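The values are calculated or read from the model by the stated rules, or taken from the named source; none is laboratory data. Model, not experiment: these values are computed from the prediction. When we count neighbours, we look across all protein chains shown, and the Cβ atoms used for this are built from the backbone with ideal geometry, even at glycine. Keep in mind that these areas ignore ligands, DNA and RNA; they rest on the heavy atoms of the full protein, side chains included. Shrake-Rupley method; radii C 1.70, N 1.55, O 1.52, S 1.80 Å.
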Amino acid sequence: MRNAGFNIHRFDSLDSTNAKAKRYPPGNVIVAKEQTKGRGRFKREWNSSKGGVYMSIIVGVEIKKAKFLTLLAAIAVQHSLVKLYNIDAKIKWPNDIMLNDKKLCGILTESQVSGQEAKMIIGIGINTNNIIRSELSAIAISLHESGFDVDNEELIRELVDEFSDLYEKAHDDPQFVLKEWKRLSYTLGKRVHVLTQQDEFFGYAVDIDDECNLIIEKDDGKKERIVEGDIFTA
Ligand code: BTN
């Protein structure tokens, strides 16, 4: 389903593409050259200076399929990076894209629910040609500093096309998203430090379940299901 019906709206500057996307129906994509109030997970700030890719894809789905969309978006980013730059990026649970053990892309999914349907806003930030602030340089990386000359517009188009293709594929083969996410995972098999709102512990990331939760085997052998939280390689 290449070029499948998404309308792309481009802006020079927005507070946040996710905030703008709230006013648009499914089938639209909001793109900004910079964000003045870029948002990350857990109400963190997302550094959004000129040069990076900041975009929100708006999709309507049944609520029960909503969680898969974030994984699907991460897979779409990974596939686009392979296709355009032959980069071996990996997906860190739940939805960061990692290159050389540093964060290249973050995804913030927000939803507006009505009955059994959800309008999902999938916000994607990719460090392409933006400068990474020095205080973040130990944990974040850009494509430019990795030696790639990125045409942001080309990457955005490829990503929207890839997202559309994967969305169709997932409809025909619902297990595809989980299988592909696991294949591209940065997290599975690693010893990790888990931080949630309620808890903090170490263990091995052994699987994700059908609801996209991360399964950790703790040092005492017990398995813990992580619905939301931060994972650090230990
Ligand atoms: C994270 O890793 O914490 C998620 C970061 C998501 C950033 C993107 S940039 C485009 C969209 N608009 C926002 O305000 N945030 C997301």
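Going by the conditions given, is LEU104 assigned to a helix (DSSP H, G or I) and within 16 Å of the ligand (Cβ to nearest atom)? So LEU104 does not fit the description; no. Within the range 23-40, the set of residues being basic (Lys, Arg), under 13 Å from LEU108 (Cβ atoms) and surrounded by fewer than 18 Cβ atoms within 10 Å (Cβ to Cβ) comprises LYS37 only.
Scanning the range 132-186 for residues that are closer than 27 Å to ASP210 by Cβ, open to solvent by 80 Å² or more (accessible area, probe 1.4 Å) and not in a helix (DSSP H, G or I) yields PRO174, GLN175.
Restricting attention to the range 139-163, the residues that are in contact with a strand residue (DSSP E or B) (Cβ under 8 Å, 6 or more places away or on another chain) and more than 24 Å from ILE57 (Cα to Cα) total 2. Of the residues making up the range 111-130, those that are modelled with pLDDT of 95 or more and open to solvent by 40 Å² or more (accessible area, probe 1.4 Å) number 1.
Yes/no matrix, rows are residues, columns are (1) surrounded by fewer than 23 Cβ atoms within 10 Å (Cβ to Cβ); (2) closer than 13 Å to ILE122 by Cβ; (3) of a type in the set (A, V, I, L, M, F, W, C); (4) more than 14 Å from the ligand (Cβ to nearest atom):
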residue	(1), (2), (3), (4)
PHE11	yes, no, yes, no
PHE42	yes, no, yes, no
GLU62	yes, no, no, yes
ALA76	no, yes, yes, yes
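Residue by residue, here is whether (1) under 26 Å from LYS190 (Cα atoms); (2) within 11 Å of the ligand (Cβ to nearest atom) holds:
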| site | (1), (2) |
| --- | --- |
| LEU14 | no, yes |
| PRO26 | no, no |
| THR36 | no, yes |
| TRP46 | no, yes |
| LEU71 | yes, no |
| LYS83 | no, no |
| ASN86 | yes, no |
| LEU99 | yes, no |
| THR109 | yes, yes |
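Among the residues of the range 195-222, just one is surrounded by fewer than 14 Cβ atoms within 10 Å (Cβ to Cβ) and aromatic (Phe, Trp, Tyr), namely PHE202.
Taking the stated definitions as given, is VAL192 closer than 25 Å to LEU99 by Cα and surrounded by 19 or more Cβ atoms within 10 Å (Cβ to Cβ)? Against the criterion (closer than 25 Å to LEU99 by Cα and surrounded by 19 or more Cβ atoms within 10 Å (Cβ to Cβ)), VAL192 qualifies. VAL31 falls short on exactly one of the conditions (1) away from the ligand (no atom under 12 Å from the Cβ); (2) assigned to a strand (DSSP E or B), and that condition is (1).
Note on the range 48-57: residues that are near the ligand (Cβ under 9 Å from one of its atoms) and within 16 Å of ASN130 (Cβ to Cβ) amount to 5. Every test in (1) assigned to a loop (DSSP other than H, G, I, E, B); (2) in contact (Cβ under 8 Å) with a residue 40 or more places away in the chain; (3) of a type in the set (S, T, N, Q) is passed by GLN197 save one, and that test is (2).
If you go through the range 78-95 and pick out every residue that is without any contact (Cβ under 8 Å) to a residue 40 or more places away in the chain and surrounded by fewer than 21 Cβ atoms within 10 Å (Cβ to Cβ), you end up with 3. For ASN18, the test of being within 14 Å of the ligand (Cβ to nearest atom), assigned to a helix (DSSP H, G or I), touching a residue at least 40 places away in the same chain (Cβ under 8 Å) and open to solvent by less than 50 Å² (accessible area, probe 1.4 Å) is passed.
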